[in-house]
1. Scan segment 20-59 residue by residue and report those that are surrounded by 11 or more Cβ atoms within 10 Å (Cβ to Cβ), closer than 16 Å to Glu2 by Cβ and not hydroxyl-bearing (Ser, Thr, Tyr).
2. Looking at this structure, is Glu2 open to solvent by 70 Å² or more (accessible area, probe 1.4 Å), charged (D, E, K, R) and not in a helix (DSSP H, G or I)?
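The values are calculated or read from the model by the stated rules, or taken from the named source; none is laboratory data. This is a predicted model, so every value here is computed, not measured. When we count neighbours, we look across all protein chains shown, and the Cβ atoms used for this are built from the backbone with ideal geometry, even at glycine. Side chains are part of the model used for accessible areas, which takes the heavy atoms of the whole protein and leaves out ligands, DNA and RNA. Shrake-Rupley method; radii C 1.70, N 1.55, O 1.52, S 1.80 Å.
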Amino acid sequence: MEMTEEEFDQQFAATLDTILEAMAENAEIDVQKFYSMTCVLENLRFFSPVLYGAIRKQK
């Protein structure tokens with residue numbers, strides 16, 4: 001069964017949130033690097049439709 005674009009988007013967003021949570025809970029993460037990584041991950045969120053399309057084309 002294939003995943004719909006909406007399902008992919010929801011799971012991708014949840015995965016990015018999980019990564020951010022794990023980083024936020026780690027005391028060894030530099031605050032400045034955390035902020036930069038948060039920006040990168042947030043920008044990745046907007047590429048979800050592009051990533052979904054690329055994965056579908058490969059199948």
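1. Pro49, Leu51, Gly53, Ile55, Arg56
2. Considered against the rule, which asks whether it is open to solvent by 70 Å² or more (accessible area, probe 1.4 Å), charged (D, E, K, R) and not in a helix (DSSP H, G or I), Glu2 comes out as yes.
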